[in-house]
Amino acid sequence: MQVTETADVVVLGAGVAGLAAAQALVDTDLDVVVLEARDRLGGRVHTDKAFAGFPLEFGAEFVHGERCPTWELIDRLGLHTVHWNKLDDSWVRLADGRRLTMAEARAVDPAFDVTRSWDLPPVPPRPLESFGRYLERIGFAPQQVDYVRRAFANAAGESLRHLDAASMLDSIAGTEATGHEDYRIVEGYGAVLEPLGLGVDIRLGAEARRVVTAPDGVVVETAGGETYGAALLVCTLPVGVLAAGDVEFVPGLPEAKLQALRGLGMGPAIKCVYRFREPLTPPGIKAIYAAGRAPMWWTPSFGHETDAVVWTAFVTGDAAIDLLGRGEEGALDGALESLRRELGRPGLQAVEARLVDWVNDPHARGGYSHVRPGHRGARELLAAATPPLLWAGEATAPEGDAATVHGALQSGRRAAAEVLRLLRPRAYDGSEVAV
């Protein structure tokens, strides 16, 4: 096989993980090339500035946790953030029909409060148990399970029956280190991507089709016919792309990676984004946990000096599949119907609407990863280095950090440290590489 270009390291994917890995190696003597199938940076991070006239997130939206590693970049770059204070600025529809702020709902309904505090009895999950079955077994009433479906499971990216109970409990415990508060970057996540790409050799529109490994290195073939040879490859492709076999690995992925992919799913996730003529809620209310098929709504207009009134519905799991089955127009109207019922405004219409479909995006094939029932440890299997192949991306992060931007960021740093350990062992001091 004739190689058209060589490097020390090839990185597949210019999402946060790939950019973080490459950026961490910029000041070394290693030659690093990043191959990105899209015509833009970011992967599942996608900041749009055209729809509403301000930075609007079509992909990853929040900084999860007041102590997560993303703040290092936010502070260094001098970016601005807005706090989503869910207790006071979110409406919740309780099972009895009352619509309260989250703080009010937690105060008056102990059953609801448990689904936010996660003060659970010390009952261990069974080996093959889904999170939904586990909650039922420890005594959650049907309305409590429904609260979890609408909030926690929707945010986890998949329906309760597809989420591993043990891994979900790990995730709940894991967020203690990073914190529980959510923030939006006013300038958009795109403002973080740009500095991550500085000085990095990035080839856009370079879709990897085949990866051939040998004891002395790796060769990547792209859809455009280019071939890149390297000593190591850092793969940051989403689980959905890997599982679909869109990139052929020769002589095949290691068995541990196949086992990991059997244990990881890529949840269906969509965003339905609407621009309205007038405000829909009182000024203090910026999010709605609704009872309908589009259970989670927020207004990204908040924090911007704009007259635009924008609301986003974030929908995953069965509800996302149901809406997508109606076609684009049907999905947008179906989600909006949930908001109409929630607000008691049957005639509500949007000035403009956009469906962001990550399920049918060929370079994502879903929103983000989750562990399937009975497969606790699959993330660690996927993350383990198998030289000349190294692995990064949100799916390789520990529970609590997985499915987040900061998880992807940290995984890229870890992969860069593995590169140095393998290619520059005398210079590598054993620490994580910063970006």
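The values are calculated or read from the model by the stated rules, or taken from the named source; none is laboratory data. Everything numeric in this text was worked out from a predicted model, so none of it was measured. Here Cβ is always computed from backbone atoms with ideal geometry, including for glycine, and neighbour counts include all displayed protein chains.
Only residues that are crowded, with 19+ Cβ neighbours inside 10 Å and over 14 Å from the mean Cα position of the chain (by Cα): list them for region 31-46, please.
As a first pass, look at region 31-46 and keep what is crowded, with 19+ Cβ neighbours inside 10 Å: 32-38, 41-46.
Those that are crowded, with 19+ Cβ neighbours inside 10 Å and over 14 Å from the mean Cα position of the chain (by Cα): Val32, Val33, Val34, Leu35, Glu36, Ala37, Arg38, Leu41.
Do we find a residue being in contact (Cβ under 8 Å) with a residue 60 or more places away in the chain and in contact with a helix residue (DSSP H, G or I) (Cβ under 9 Å, 6 or more places away or on another chain) anywhere in region 102-112? Give the derivation first.
Looking only at region 102-112, we keep the residues that are in contact (Cβ under 8 Å) with a residue 60 or more places away in the chain, and these are 102.
In the following step, the residues that additionally are in contact with a helix residue (DSSP H, G or I) (Cβ under 9 Å, 6 or more places away or on another chain) were identified as 102.
Yes, some residue in region 102-112 is in contact (Cβ under 8 Å) with a residue 60 or more places away in the chain and in contact with a helix residue (DSSP H, G or I) (Cβ under 9 Å, 6 or more places away or on another chain).
What number goes with the only condition from (1) surrounded by fewer than 18 Cβ atoms within 10 Å (Cβ to Cβ); (2) assigned by TED's automatic domain parsing to the domain that holds Phe249; (3) closer than 22 Å to Gly412 by Cα that Val219 does not pass?
Val219 satisfies every listed condition except (1).
May I ask you to verify whether Ala385 is small (Gly, Ala, Ser) and under 23 Å from Met266 (Cβ atoms)?
On the way: small (Gly, Ala, Ser): yes; under 23 Å from Met266 (Cβ atoms): yes.
Yes: the conditions hold for Ala385.
Considering only residues that are among the hydrophobic types (A, V, I, L, M, F, W, C) and either touching a Cys at 6+ places or on another chain (Cβ under 7 Å) or crowded, with 19+ Cβ neighbours inside 10 Å (or both), which ones fall in region 170-216?
Restricting attention to region 170-216, the residues satisfying the condition of being among the hydrophobic types (A, V, I, L, M, F, W, C) are 172-173, 177, 185-186, 191-193, 196, 198, 200, 202, 204, 206, 208, 211-212, 214.
Across region 170-216, the qualifying residues are Ile185, Val192, Leu193, Leu196, Val200, Ala206, Ala208, Val211.
Among the strands (runs of 3 or more DSSP E) confined wholly to region 239-333, which include 1 or more residues that are without any contact (Cβ under 8 Å) to a residue 40 or more places away in the chain?
Of the strands (runs of 3 or more DSSP E) lying wholly inside region 239-333, those with at least 1 residues that are without any contact (Cβ under 8 Å) to a residue 40 or more places away in the chain span 248-250, 309-316.
Out of the residues in region 90-142 that are surrounded by 15 or more Cβ atoms within 10 Å (Cβ to Cβ) and among the basic types (Lys, Arg), which is farthest from Ala287 (Cα to Cα)?
Looking at the filtered set, the residue picked out is Arg133.
Is it true that Ala384 is on the phi < 0 side of the Ramachandran plot, among the aliphatic types (A, V, I, L, M), in contact (Cβ under 8 Å) with a residue 60 or more places away in the chain and touching a Leu at 6+ places or on another chain (Cβ under 6 Å)?
Working: on the phi < 0 side of the Ramachandran plot: yes; among the aliphatic types (A, V, I, L, M): yes; in contact (Cβ under 8 Å) with a residue 60 or more places away in the chain: yes; touching a Leu at 6+ places or on another chain (Cβ under 6 Å): no.
Taking the combined requirement at face value, the residue does not satisfy it.
For region 391-415, name all the residues that are in contact (Cβ under 8 Å) with a residue 40 or more places away in the chain, among the small types (Gly, Ala, Ser), farther than 10 Å from His64 by Cβ and part of a loop (DSSP other than H, G, I, E, B).
Across region 391-415, the qualifying residues are Ala392, Gly393, Ala402.
Quick one: in region 84-114, which of the residues that are part of a loop (DSSP other than H, G, I, E, B) and under 28 Å from the mean Cα position of the chain (by Cα) is nearest to Arg340 (Cα to Cα)?
Going through region 84-114, the residues part of a loop (DSSP other than H, G, I, E, B) turn out to be 85, 94-98, 109.
When the remaining residues are screened for being under 28 Å from the mean Cα position of the chain (by Cα), the result is 85, 94.
Details: Asn85: 24, Leu94: 17 Å.
Looking at residues that are part of a loop (DSSP other than H, G, I, E, B) and under 28 Å from the mean Cα position of the chain (by Cα), I get Leu94.
Take the residues in region 212-238 that are assigned to a loop (DSSP other than H, G, I, E, B) and within 19 Å of the chain's Cα centre (by Cα); name whichever of them is nearest to Ala20 (Cα to Cα). Spell out the reasoning first.
At the first step, the residues of region 212-238 found to be assigned to a loop (DSSP other than H, G, I, E, B) are 215-216, 223-226, 236-238.
Within this subset, residues satisfying the condition of being within 19 Å of the chain's Cα centre (by Cα) are 236-238.
On the way: Thr236: 11, Leu237: 14, Pro238: 15 Å.
Checking each candidate, the answer is Thr236.
Select from region 138-162 the residues that are under 19 Å from Asp119 (Cα atoms) and outside any helix (DSSP H, G or I) and list them in ascending order.
Ile138, Gly139, Phe140, Ala141
Which number in (1) of a type outside the set (Lys, Arg); (2) assigned to a helix (DSSP H, G or I); (3) in the same structural domain as Val34 (by TED's automatic domain parsing) marks the one condition that Leu169 misses?
Evaluating Leu169 over (1) of a type outside the set (Lys, Arg); (2) assigned to a helix (DSSP H, G or I); (3) in the same structural domain as Val34 (by TED's automatic domain parsing) leaves (3) as the failure.
Considering Glu328, Glu337, which residue is closer than 25 Å to Ala105 by Cα, more than 20 Å from the chain's Cα centre (by Cα), surrounded by fewer than 17 Cβ atoms within 10 Å (Cβ to Cβ) and not assigned by TED's automatic domain parsing to the domain that holds Val148? Walk me through it before giving the result.
On the way: Glu328 fails: closer than 25 Å to Ala105 by Cα.
On inspection, the qualifying residue turns out to be Glu337.
Take the conditions in contact with a Gly (Cβ under 6 Å, 6 or more places away or on another chain) and of a type in the set (A, V, I, L, M) and apply them to Ala214. Does it pass? Steps first, please.
Details: in contact with a Gly (Cβ under 6 Å, 6 or more places away or on another chain): no; of a type in the set (A, V, I, L, M): yes.
Considered against the rule, which asks whether it is in contact with a Gly (Cβ under 6 Å, 6 or more places away or on another chain) and of a type in the set (A, V, I, L, M), Ala214 comes out as no.
Which condition number does Pro283 fail, the rest of (1) touching a Leu at 6+ places or on another chain (Cβ under 6 Å); (2) modelled with pLDDT under 95 being met?
Result: Pro283 fails condition (1) only.
Can you tell me which residues in region 340-378 are over 23 Å from Gly15 (Cβ atoms) and small (Gly, Ala, Ser)? Show your work before the answer.
Going through region 340-378, the residues over 23 Å from Gly15 (Cβ atoms) turn out to be 340-353, 373-377.
Once the filter is applied, which keeps residues that are over 23 Å from Gly15 (Cβ atoms) and small (Gly, Ala, Ser), region 340-378 yields Gly344, Gly347, Ala350, Ala353, Gly374, Gly377.
State which residue is nearest to Gly59 (Cα to Cα) when the search covers only region 351-401 and only residues that are under 14 Å from the mean Cα position of the chain (by Cα) and of a type in the set (S, T, N, Q).
The residue in question is Ser369.
Name every residue in region 38-66 that is assigned to a loop (DSSP other than H, G, I, E, B) and farther than 14 Å from Arg184 by Cα, in order of residue number. Talk me through it step by step, then tell me what you get.
So in region 38-66, the residues assigned to a loop (DSSP other than H, G, I, E, B) come out as 38-41, 43-46, 49-55, 58-61, 65-66.
Selection gives Arg38, Asp39, Arg40, Leu41, Gly43, Arg44, Lys49, Ala50, Phe51, Ala52, Gly53.
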